[in-house]
Amino acid sequence: MPLYHTEDQAMLAETAAQFMGEEGAIGKQLRHWRDRGCKDGFGHDLWKQMAEMGFTGLLVPEADGGLGMGHVEAGIVLEEIGRNLTPSPFLTSSVMAASALAHASAEGKGRWLPGLIAGDSVFAVAIDEGAKHRPERIATRAEKSGNGFRLTGKKDFVVHGASADMIVVAARTAGADDDEDGVTLFAVPKDAAGLGHNSVRLVDSSMASHVTLDGVELDGDAVIGEVDGGRTVLNKVLDAGRVGAAAEGIGVARGSMDMTVDYLKQRKQFGKLIGEFQALQHRAAHLYSEVEIARAATIKAQQLLDAGSEQASLMASVAKAKVGKAAGLAVKEGVQMHGGIGMTDEYDIGLYMKRDRALAEFMGDVYYHADRVARLSGY
Amino acid sequence: MPLYHTEDQAMLAETAAQFMGEEGAIGKQLRHWRDRGCKDGFGHDLWKQMAEMGFTGLLVPEADGGLGMGHVEAGIVLEEIGRNLTPSPFLTSSVMAASALAHASAEGKGRWLPGLIAGDSVFAVAIDEGAKHRPERIATRAEKSGNGFRLTGKKDFVVHGASADMIVVAARTAGADDDEDGVTLFAVPKDAAGLGHNSVRLVDSSMASHVTLDGVELDGDAVIGEVDGGRTVLNKVLDAGRVGAAAEGIGVARGSMDMTVDYLKQRKQFGKLIGEFQALQHRAAHLYSEVEIARAATIKAQQLLDAGSEQASLMASVAKAKVGKAAGLAVKEGVQMHGGIGMTDEYDIGLYMKRDRALAEFMGDVYYHADRVARLSGY
Amino acid sequence: MADLEAFRAETRAWLEANCPPEMRQPVQDESDVYWGGRRATFKNDAQKAWFEACRDKGYTVPAWPKEYGGAGLSPAEAKVLREEMARISARPPLSSFGIWMLGPALLHFGTEGQKKHFLNQIARGEIRWCQGYSEPGSGSDLVSLQTFGEDKGDHWIVNGQKIWTSYADKADWIFCLVRTDKANKYQGITFMLYDMETPGVTTKPILLISGNSPFCETFFDDVKVPKSYGEDIPAQVGEVNRGWDVAKYLLGHEREMISGADGGARTSAIGAAMKRSAGELDPLLRAELAMFDVDALAYACMGEKFLDEIKVGKAHPAQPNMMKYAGTELNKRRHELFMAAGGSTALEWDSEETRGGARAREWLRTKANSIEGGTSEVMLGVVAKRILELPGA
Amino acid sequence: MADLEAFRAETRAWLEANCPPEMRQPVQDESDVYWGGRRATFKNDAQKAWFEACRDKGYTVPAWPKEYGGAGLSPAEAKVLREEMARISARPPLSSFGIWMLGPALLHFGTEGQKKHFLNQIARGEIRWCQGYSEPGSGSDLVSLQTFGEDKGDHWIVNGQKIWTSYADKADWIFCLVRTDKANKYQGITFMLYDMETPGVTTKPILLISGNSPFCETFFDDVKVPKSYGEDIPAQVGEVNRGWDVAKYLLGHEREMISGADGGARTSAIGAAMKRSAGELDPLLRAELAMFDVDALAYACMGEKFLDEIKVGKAHPAQPNMMKYAGTELNKRRHELFMAAGGSTALEWDSEETRGGARAREWLRTKANSIEGGTSEVMLGVVAKRILELPGA
């Protein structure tokens, strides 16, 4: 498959760009909700609009009422979300939870997918335990209890956790904390007894929860996938989340870069446009190169995921790590090249830096993923 | 102690600069011996002249016939050696072997020091086993044998090994390969039976040996320092070698940088001196900053060594690693900024790149030493 | 040397007697810093007592001459005092742009009358100063500033706008670069001092990405600045139209300060601290920390060398630019690593556990390091031109 | 698709029958490469047989039209041939600047007469070409070249000097940029073809830091170049004085080639190979290898994307400059890491164990990657100007 968008995909990109550029714009969404101290960190109206656009159920198979598209298409939407810093539960709900629910029972799908597709429900995913992403280790326990399970543990960095109607929770039904096997995924509804949230605002004005599971009782049909065999589904959710975060990161990088290149063409110092200064030209060109390369890796990872390739998981880490580097460079150069005004809250460039930081951390940072590339490559 | 040279040291620097700039110049030494395929890789006449200048015995205590100076002074000479790419056995003999011989018996000192001070003898140090510097692991065995020891093993990257009258060899008299204790240093004379050399020319035209010790029989008085307690002396030899290599590396970096900055002021392209191009200006200024910082760290390490500080060994690794970075940058920028002619053998800038590569590897590269900084700092 | 040891003993005893225990702890937040000025209030009695003891002893500005409110300490004595204060973690009794910026300018360029008048005010914490340099159109290209003072005989009428005036909303007086000759770019700027309560002066805080707002925009609308404040107390520092010399001199000072070369404290590896706070480190994060620590420990040596050389006049005059460049870039990298090591916890913006997102806010704050006081790009240009003597602009 | 599969089967059979086993191993050194030309000799019978089989089949230039000596394969068929050759590690039957550089220029700019004459010579390996572009004073600023061809009616008299002419001492003919109008910088250069045996042409090899000397200085002393080599066979490609257009077109090709975007093979992590050859890796070297592998694997995706986009005309015309920049910088870094992983063994310059210092020599060779075919600095400038559309030079 060629590594550029098909005509259909190019049309979707145009639609998504127009929609996010208008409805998802920074002034209309991010600043609006932030300045109101919104407890969700995003607007439910926009989420509903995204459903009307067909975005919410993009990855859901047609048989289940969705559009049956792939990660390339999800990435197209995410890149525009990134470019406009649009706060929404798209990544956690339509990409990650949807990837999990593909493995749910017919009953589970029937319970959750209509709300997702309609933009009526929000979903979160609870994997991390501790401040760093280390999904190889799952300590949260799910013990057999009657017909179902009883969950006990703590989860961190659960983005949109307190806003979610359901949280996909990775817990351990067997084995030791570091075991590959023995993991099971559960759909935990918001009203489950024993489910607690300490919801905190992050640097990018998004909301994330420290979730406590204090003996949460669930029926057996809350299980997604196989009991004890959840690692397979978890890995798919992780890959989807990583590649999705990479795609959003590319949007952040390109948005930041475009804004900066525009500024270089407008700002004068020493009697010249600062974009005439060769040192800045070379740095901007290097940045362009890094962002293009990161984008190619991201699209490749999307295609491999859609093709079900064995190489997909390796390339997911390559993409997440490379985007981490490139987008990090884009926002740093963006703020520096904007000079003093880049430090002010009034200008948007600083918002790109904040979002980049949170996205870089989400589902594993550049260090985690470069290390994973090495491990998967046998060294 | 202030981190700049005293008046005496400044005078020594001037003397050393003049001597190396004249007698040790690239055309007179490095190219001369290289183009002749010299089996030593350096000139004995120059070594003798260095003795007349008092350089050879600089670190040897006055009581033993030397000048009783310190690592700051040795570093001054080494920086000029580096700047002129002067091939000589100064680092292995006057710095490393001399640091070992300070712990030798009176008999050992009497046997070896006069030749060192007079420039009649050459010394080498055999520590590495394998292609990378890992002195924590010593596998070469020295077994008790009559009054003395019998050495068996292989040593690599023994610079000037085949030219040396005596080689300081680190061997294991007790314990397992990775043990801290159980190491002993030996003075192995060139004519010892069972001592073999596979002498190879390196990229910088210096000569180094793969040394084989095939049951080399030594008297007990060949031991330097304590039997089984050689690690203490070995660490001093290592620190001296690392800080010395850093000082020489600073000379390489500054020589390369100065040559490059000069070139920027002469070469025209697009109707301008290339030094007028802002991108090159900024890169040159960054390089200057890196080299200055590396030099400060190196002088600090020299002072700490001379003061017998506990921090000396940490700072030796900081200096070696930082110089590795800075000098590596200096030669890379040097070749790139020279453009095509930098790739020709006719110009000297490529010789700086070659010497830097060999020095960077000698006594541990930037990766080894940055890792050591982390280990010594408790992480 | 014996004298110095006597001075050390004396200082130790004085500190013991005069520095309250509450003042022997690291500053936690802005409210722990005493800035002085007309509207100053003390956070608590300890802060007041400590300030007043220092003021009376001349220890708010220990190295300034006694007649200007200092203690007249020699450099060696001042170093002993710093060491002894550091030993007990004593807080600075008074923080002030008057001490850091205007004072050095006056000591170098001021008339005797100006020194007596203004330096004593600064030393006693009576007047809080702010700095009026940058303008919206004049950032790196500071000399292109447009704020204009029209000569009206015995006074100027100043009109224009400044930006990045730190704490202008809290300051009493401003030292301000004002164009007084439009025909002459470099020699047409005057370094003026005037009261922020003068009619026509207004300020507006600038909210930063860190969520703080230490800076203001400051507007001058027909501000009447008298040319003299008394005998031998002209309103400008240095000559009229030669304020650029003063500004350049001060930028050097500022760069030294921002470079962290004087920090001294940052001489241990951060990797160890990160491991303690983060638990096991990812191997590649550990590698980055190690590479950083090599650079940071080497830079600490450079800072020591730089200060040693400055003392004896051996440092190249443009070396502060190099230090500022390297120091600020390093500090930005340090805080990137703090964020990485802190993981998702470090992202929190207003939680109690993170003291209101202290780490994230500090991280964002450091992004200004390489902009304020001369951008990294300007610093590199100065090094290229003045140290490496490369041709052209 | 069915056709393609038939073609694949046919190709496989043909290769089986015609590619000798000795030609199915990676090239070890220069002597394994067949460059053709008047003075060419074969290393062995296998090399000769393989070359002749390909020549007769049109497989030295499979995608060129049959009338010019190619096999007239479609892009899809050419890809199948490449894949099948790669499958059995078949060596290229003929290496030649005529194939890589002059051929594309002639196909784009040449007259029918030139194509028939020169392309067939190239395809059949009869003439070995070299490239005369750079001059001592004209490196990055190529257009400032001074070699001058004086118009003498039916011929030019060429005087001047070229540098970096690859294998000029072994080449039969040269394609050479010659100034033919001193008044016109860009439109005063002619892309000339002439015989290296013409009186007045001399060459002198340049010894490189890698110890090899593939390049020469080439001198022209009153060299008489006829304006025509027969009917419809002018001596210049494109119009007289419009050679810069041809040169620019070719530089694009060269950049694609050097960028390694077409390499395709470099898609696996080097860290694993380094660990196999070096034993345990230092943790920080492992970290650097991992960071490199992220960049290299991502770049391989970019290479794939770039080639896909070129095929359908979606790539920005200046994208080869970006690819050349990123690809060559990456390759230099790759070889730095090879050297680090190889430790002191990799330093050896002429030992047998290291095949004559192959690793070190290759490492040094890569330093030219970011200089030849347009420096990294020139590439960045082109990207800034043509893709980002930044103002000024």
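Taken together, D:105, D:40, D:2 contain a single residue that is more than 20 Å from residue D:130 (Cα to Cα) and either open to solvent by less than 20 Å² (accessible area, probe 1.4 Å) or among the hydrophobic types (A, V, I, L, M, F, W, C) (or both), which is D:2.
Of the numbered criteria (1) touching a helix residue (DSSP H, G or I) at 6+ places or on another chain (Cβ under 9 Å); (2) free of Cβ contacts under 8 Å to residues at least 12 places away in the same chain, the one residue D:358 fails is (1).
Taking segment B:255-264 as the range and being open to solvent by 10 Å² or more (accessible area, probe 1.4 Å) and more than 16 Å from residue B:282 (Cβ to Cβ) as the test, the residues that pass are B:258, B:259, B:262, B:263. For segment D:171-239, give me every one of the strands (runs of 3 or more DSSP E) that falls completely inside it and has 3 or more residues that are farther than 27 Å from residue D:34 by Cβ and open to solvent by 20 Å² or more (accessible area, probe 1.4 Å). It comes to D:215-226. All of B:28, B:39, B:48 fail the test of being part of a loop (DSSP other than H, G, I, E, B), open to solvent by 20 Å² or more (accessible area, probe 1.4 Å) and over 23 Å from residue B:126 (Cβ atoms), apart from B:28.
The single condition from (1) buried (at least 21 other Cβ atoms within 10 Å of the Cβ); (2) under 15 Å from residue A:242 (Cβ atoms) that residue A:311 fails is (1).
Listed here are the residues, each with its yes/no results for (1) touching a Phe, Trp or Tyr at 6+ places or on another chain (Cβ under 8 Å); (2) crowded, with 19+ Cβ neighbours inside 10 Å.
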{"residue": "C:341", "(1), (2)": "no, yes"}
{"residue": "C:344", "(1), (2)": "yes, yes"}
{"residue": "C:348", "(1), (2)": "no, yes"}
{"residue": "C:353", "(1), (2)": "no, no"}
{"residue": "C:364", "(1), (2)": "no, yes"}
{"residue": "C:368", "(1), (2)": "no, yes"}
{"residue": "C:371", "(1), (2)": "no, yes"}
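For segment A:54-68, how many residues meet the condition of being on the phi < 0 side of the Ramachandran plot and touching a residue at least 12 places away in the same chain (Cβ under 8 Å)? Result for segment A:54-68: 10. Taking into account only those residues within segment C:361-393 that are assigned to a helix (DSSP H, G or I) and among the small types (Gly, Ala, Ser), which is farthest from residue B:258 (Cα to Cα)? Here the answer is C:376.
Scanning segment C:68-96 for residues that are in a loop (DSSP other than H, G, I, E, B) and open to solvent by 60 Å² or more (accessible area, probe 1.4 Å) turns up just one, C:92. Note on segment C:246-290: among residues that are part of a loop (DSSP other than H, G, I, E, B) and open to solvent by 60 Å² or more (accessible area, probe 1.4 Å), the one that is modelled with the highest pLDDT is C:280. A residue that is in contact with an Asp or Glu (Cβ under 8 Å, 6 or more places away or on another chain), modelled with pLDDT of 95 or more, open to solvent by less than 40 Å² (accessible area, probe 1.4 Å) and β-branched (Val, Ile, Thr) occurs nowhere in segment A:296-305.
In segment B:349-360, is there at least one residue being surrounded by fewer than 21 Cβ atoms within 10 Å (Cβ to Cβ), away from chain C (no Cβ under 12 Å) and β-branched (Val, Ile, Thr)? Checked against the condition, which is being surrounded by fewer than 21 Cβ atoms within 10 Å (Cβ to Cβ), away from chain C (no Cβ under 12 Å) and β-branched (Val, Ile, Thr), segment B:349-360 yields no hits at all. Applying the criterion of being small (Gly, Ala, Ser) and either touching a Ser or Thr at 6+ places or on another chain (Cβ under 6 Å) or closer than 16 Å to residue A:59 by Cβ (or both) to the residues of segment A:304-325, the residue that is farthest from the other protein chains (Cβ to nearest Cβ) is A:308.
When the residues of segment B:189-206 are filtered to those that are touching a residue at least 40 places away in the same chain (Cβ under 8 Å) and crowded, with 22+ Cβ neighbours inside 10 Å, the one that is nearest to residue B:237 (Cα to Cα) is B:206. Here residue D:358 meets the list (1) away from chain A (no Cβ under 14 Å); (2) surrounded by 18 or more Cβ atoms within 10 Å (Cβ to Cβ); (3) of a type in the set (A, V, I, L, M, F, W, C) almost entirely, failing just condition (2).
Yes or no: segment B:136-146 includes at least one residue that is open to solvent by 50 Å² or more (accessible area, probe 1.4 Å), without any contact (Cβ under 8 Å) to a residue 60 or more places away in the chain, at negative phi and of a type in the set (A, V, I, L, M, F, W, C). Within segment B:136-146 (the criterion being open to solvent by 50 Å² or more (accessible area, probe 1.4 Å), without any contact (Cβ under 8 Å) to a residue 60 or more places away in the chain, at negative phi and of a type in the set (A, V, I, L, M, F, W, C)), the answer is no, since none of the residues qualifies. With respect to (1) away from chain A (no Cβ under 13 Å); (2) surrounded by fewer than 21 Cβ atoms within 10 Å (Cβ to Cβ); (3) among the polar types (S, T, N, Q), the lone exception for residue C:319 is condition (2). Would you confirm, using the coordinates I've provided, whether residue A:301 is facing another protein chain (nearest Cβ under 9 Å), without any contact (Cβ under 8 Å) to a residue 24 or more places away in the chain and of a type outside the set (D, E, K, R)? It is false that residue A:301 is facing another protein chain (nearest Cβ under 9 Å), without any contact (Cβ under 8 Å) to a residue 24 or more places away in the chain and of a type outside the set (D, E, K, R).
Applying the condition of being touching a helix residue (DSSP H, G or I) at 6+ places or on another chain (Cβ under 6 Å), in contact (Cβ under 8 Å) with a residue 60 or more places away in the chain and within 8 Å of another protein chain (Cβ to nearest Cβ) to segment A:366-379 and asking which residue is farthest from residue D:297 (Cα to Cα) yields A:369.
Of the residues in segment B:342-350, none is under 15 Å from residue C:291 (Cα atoms), of a type outside the set (A, V, I, L, M), in a helix (DSSP H, G or I) and in the same structural domain as residue B:279 (by TED's automatic domain parsing). Scanning segment B:266-286 for residues that are more than 9 Å from chain C (Cβ to nearest Cβ) and touching a Leu at 6+ places or on another chain (Cβ under 6 Å) turns up just one, B:274. Among the residues of segment A:119-170, the one identified as within 26 Å of residue C:340 (Cβ to Cβ) and hydroxyl-bearing (Ser, Thr, Tyr) is A:140.
Taking residue D:348 as the residue in question, decide whether it is in contact with a His (Cβ under 9 Å, 6 or more places away or on another chain) and either of a type in the set (Asp, Glu) or within 12 Å of chain B (Cβ to nearest Cβ) (or both). Spelling it out, it is not the case that residue D:348 is in contact with a His (Cβ under 9 Å, 6 or more places away or on another chain) and either of a type in the set (Asp, Glu) or within 12 Å of chain B (Cβ to nearest Cβ) (or both). Taken together, A:270, A:277 contain a single residue that is open to solvent by 50 Å² or more (accessible area, probe 1.4 Å) and either farther than 22 Å from residue A:331 by Cβ or over 30 Å from the mean Cα position of the chain (by Cα) (or both), which is A:270.
The residues of segment B:103-124 that are open to solvent by 20 Å² or more (accessible area, probe 1.4 Å) and either assigned to a helix (DSSP H, G or I) or more than 22 Å from residue B:16 (Cβ to Cβ) (or both), listed by number, are B:103, B:105, B:106, B:107, B:109, B:110, B:111, B:112, B:114, B:117, B:118.
Go through A:332, A:320, A:354 for me and flag whichever is without any contact (Cβ under 8 Å) to a residue 60 or more places away in the chain, of a type in the set (Lys, Arg) and at negative phi. Every option except A:332 fails the conditions.
The values are calculated or read from the model by the stated rules, or taken from the named source; none is laboratory data. On a predicted model such as this, the values are computed, not experimentally measured, just so you know. Note that each Cβ is placed from the backbone with ideal geometry, even for glycine, and that neighbours are counted across all protein chains shown. Calculation scope for accessible area: heavy atoms of the full protein, side chains included, ligands and nucleic acids excluded. Shrake-Rupley method; radii C 1.70, N 1.55, O 1.52, S 1.80 Å.
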